[in-house]
1. I'd like the full set of residues that are free of Cβ contacts under 8 Å to residues at least 24 places away in the same chain and crowded, with 19+ Cβ neighbours inside 10 Å, limited to the range 142-172.
2. Looking at ALA45, ALA63, ALA55, can you tell me which residue is under 15 Å from VAL33 (Cα atoms) and touching a residue at least 24 places away in the same chain (Cβ under 8 Å)?
3. Within the range 13-22, identify whether any single residue is within 28 Å of the chain's Cα centre (by Cα) and either more than 19 Å from MET77 (Cβ to Cβ) or modelled with pLDDT of 90 or more (or both), and answer yes or no.
4. What pairs come out if I take residues in the range 112-132 that are in the same structural domain as LEU149 (by TED's automatic domain parsing) and touching a residue at least 12 places away in the same chain (Cβ under 8 Å) and pair them with residues that are basic (Lys, Arg) and not in a helix (DSSP H, G or I) whose C-beta lies under 8 Å away, six or more apart or interchain?
5. Please go through (1) surrounded by 17 or more Cβ atoms within 10 Å (Cβ to Cβ); (2) outside any helix (DSSP H, G or I) for ASN43 and return the number of the only condition it doesn't satisfy.
6. Are any residues in the range 221-233 of a type in the set (A, V, I, L, M, F, W, C) and either in a strand (DSSP E or B) or in contact with a Phe, Trp or Tyr (Cβ under 7 Å, 6 or more places away or on another chain) (or both), and if so, which ones?
7. Only one of these conditions is not met by GLN250: (1) touching a residue at least 60 places away in the same chain (Cβ under 8 Å); (2) surrounded by 15 or more Cβ atoms within 10 Å (Cβ to Cβ); (3) in contact with a helix residue (DSSP H, G or I) (Cβ under 6 Å, 6 or more places away or on another chain). Which number is it?
8. Residue under question is LYS81, and the condition is that it be in contact with a helix residue (DSSP H, G or I) (Cβ under 9 Å, 6 or more places away or on another chain) and either in a loop (DSSP other than H, G, I, E, B) or in contact (Cβ under 8 Å) with a residue 60 or more places away in the chain (or both); does it hold?
Amino acid sequence: MRYVLQDAADRLGFEDMNLEDIPWHGLQPEDVVALVAALREDNYAPNTSSLYVNAVRGVMNEAWRMSLITQDHLLKMRSVKGIAGTRLSQGRNLKRTLIHELMEVCAADPRPQGLRDAAVIALLYGTGMRKSESVDLDLNQVDFTERSLTVIGKGNKQLIKYAPAWAFAKLDAWLELRRSQLKEGESDDGFLFNRIRRGSHITRERITKHAIYYIARQRGTQVGVKIMPHDFRRSFITRVIEEHDLSIAQKLAHHSNIQTTANYDVRDDNERRRAVDRFDL
């Protein structure tokens, strides 16, 4: 969000000012209209344009709460909308065969990264959790008997994620290796996934979100596919929709709006074409 606000400020003529020093309360509706026009000219997607507008709107909300602007000014600022329209999802549906291939390349890696990465991918794909949720997971949030994980999701909501047995088997293998590396008398780490440095040294530091991105990119490259961490969540939701129904997928994805869940359906054109072909006379 800081990046978005700084970029918006640059486009509004405040490129030489620190983010905190910009007189946001002095912005007028026409300034935001000009910002949206500039984003359209640069071919920004509608969702990205809305993000910029919402970022500025959030700052104006704070300006109103601090009595720096009137409610009338705030309402006028809120009336400005981002670029209308939608774009096709850029997400990828990771088929089960591809997940098997990812597990195989991880299994072929003799370094600790092999078991760790397999466990990370297994949880992301097997539960549909976000990469930030996997990074923040602590050992005491995992119920190995119930095969469930308690995570803090978006909006500071406490959620329970369920994982299949094979995903927990990957997690168990990683934790067993990690514990085998501990010196006598050392206690296990309180979190799930560790940073691993060159030389296969398992540190006592928690993995970062950037590392999750690197794992997805690196393992994807090994199987010849460009993968983003969120593709695992998209694929999880798509598979649940495909094998069960939209309402079950909504519950497992913990979406408050079922339309959000529907937007995650990234089945490809061939699958949609097959569905239409079944409508025989």
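The values are calculated or read from the model by the stated rules, or taken from the named source; none is laboratory data. Just so it is clear, the model here is predicted, and its values are computed rather than measured. No Cβ is skipped: glycine too gets one built from the backbone with ideal geometry, and neighbour counts run over all protein chains shown.
1. Passing the criteria: only VAL151.
2. ALA55
3. Checked the range 13-22: at least one residue is within 28 Å of the chain's Cα centre (by Cα) and either more than 19 Å from MET77 (Cβ to Cβ) or modelled with pLDDT of 90 or more (or both).
4. Within 8 Å, the pairs are THR127/LYS161; GLY128/LYS161; MET129/LYS161.
5. In the conditions (1) surrounded by 17 or more Cβ atoms within 10 Å (Cβ to Cβ); (2) outside any helix (DSSP H, G or I), ASN43 misses (1) alone.
6. Within the range 221-233, just PHE232 meets the criteria.
7. If we test GLN250 against (1) touching a residue at least 60 places away in the same chain (Cβ under 8 Å); (2) surrounded by 15 or more Cβ atoms within 10 Å (Cβ to Cβ); (3) in contact with a helix residue (DSSP H, G or I) (Cβ under 6 Å, 6 or more places away or on another chain), just (1) comes out false.
8. yes
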